[in-house]
Amino acid sequence: MNKIAIFISGEGSNATRMLGEFQNSRSLNVQLVYSSKANRSIEELCNKLGVSFVYLPWHELSKTELLARCQKNEIQWIILAGFLKLIPDTFIKRYPKKIINIHPSLLPNFGGKGMFGMHVHEAVIKAKETVSGITIHYVDGVYDEGQIINQFPVSISPNDTALQLFEKIRVLEVNYFVKTIAEVILAKEV
């Protein structure tokens with residue numbers, strides 16, 4: 001059984017999908033969800049499913065305590081699902097190539113500190129790009145610079161707005177993020 005922790009900072013839509021998809025899996029099990037912002041709906045879902053839920057603002061949280069909780073729960077993989085904080089080196093050393101993130105552009109373009117959510121889509125539209133997409137990658141301690149696992153592109157029409165691009169990117173996330181995570185983790189079992 002691969003034990004997974006999910007870190008979130010937003011509404012948790014990707015976390016909700018993972019919790020649902022992996023709930024009855026024999027190989028993938030979400031043990032812990034950490035949120036850097038209050039999230040009552042994810043907390044309630046975790047309570048319903050018997051998954052540990054931790055909420056503390058990142059600046060108040062002892063990173064050592066969170067790492068200890070991950071180790072106590074025998075976490076093997078950490079998935080960043082809309083998590084906006086830089087992962088400390090202590091996590092990178094403990095979980096090398098075991099922390100996975102999703103980014104709403106085709107890295108290395110439009111990545112780095114401050115490039116998240118609508119900021120990314122607005123920058124892509126402003127640059128008059130014709131293609132964007134999602135990048136699923138390992139986390140290496142620098143924002144959006146870890147080794148790329150896979151990318152999924154989408155075309156941008158000349159009249160698309162940042163909001164329209166957001167909707168296209170959301171479809172890619174729904175179709176590919178959870179599936180790719182499962183494929184990566186299960187491939188490492190062999």
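The values are calculated or read from the model by the stated rules, or taken from the named source; none is laboratory data. All values reported here derive from a predicted model rather than from experimental measurement. Ideal geometry is used to build each Cβ from the backbone, glycine not excepted, and the neighbour counts take in all protein chains shown.
Values as computed for the structure displayed
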{"quantity": "Strands (runs of 3 or more DSSP E) contained in region 35-152 and holding at least 2 residues under 29 Å from GLN164 (Cβ atoms)", "calculated": "77-80, 99-103, 131-138"}
{"quantity": "Enumeration of residues in region 153-164 that are out of contact with any Asp or Glu (no Cβ under 9 Å at 6 or more places or on another chain) and either assigned to a helix (DSSP H, G or I) or closer than 19 Å to TYR176 by Cβ (or both)", "calculated": "PRO153, VAL154, SER155, LEU163, GLN164"}
{"quantity": "Cross-chain or 6+ apart pairs with Cβ under 8 Å, region 167-185 first and closer than 16 Å to HIS103 by Cβ and in contact (Cβ under 8 Å) with a residue 24 or more places away in the chain, then surrounded by fewer than 18 Cβ atoms within 10 Å (Cβ to Cβ) and among the β-branched types (Val, Ile, Thr)", "calculated": "LYS168/VAL154; ILE169/VAL154; LEU172/VAL154; THR180/ILE149; VAL184/ILE149"}
{"quantity": "Members of region 1-24 that are without any contact (Cβ under 8 Å) to a residue 40 or more places away in the chain, in a helix (DSSP H, G or I) and either closer than 26 Å to LEU61 by Cα or among the hydrophobic types (A, V, I, L, M, F, W, C) (or both)", "calculated": "THR16, LEU19"}
{"quantity": "Subset of region 26-41 (residues that are surrounded by 20 or more Cβ atoms within 10 Å (Cβ to Cβ) and over 21 Å from LYS63 (Cα atoms))", "calculated": "LEU28"}
{"quantity": "Any hit, region 57-78, residues being among the aromatic types (Phe, Trp, Tyr), in contact with a Cys (Cβ under 9 Å, 6 or more places away or on another chain) and at pLDDT 95 or above", "calculated": "no"}
{"quantity": "Test result for THR130, surrounded by fewer than 17 Cβ atoms within 10 Å (Cβ to Cβ) and under 24 Å from SER157 (Cβ atoms)", "calculated": "yes"}
{"quantity": "Some residue of region 138-148 being touching a Ser or Thr at 6+ places or on another chain (Cβ under 7 Å) and at pLDDT 95 or above", "calculated": "yes"}
{"quantity": "Out of PHE83, PHE91, sole residue that is touching a Lys or Arg at 6+ places or on another chain (Cβ under 8 Å) and either more than 25 Å from GLN31 (Cα to Cα) or surrounded by 17 or more Cβ atoms within 10 Å (Cβ to Cβ) (or both)", "calculated": "PHE91"}
{"quantity": "Enumeration of residues in region 45-70 that are under 27 Å from TYR176 (Cβ atoms) and either surrounded by fewer than 15 Cβ atoms within 10 Å (Cβ to Cβ) or of a type in the set (D, E, K, R) (or both)", "calculated": "LYS48, LEU49"}
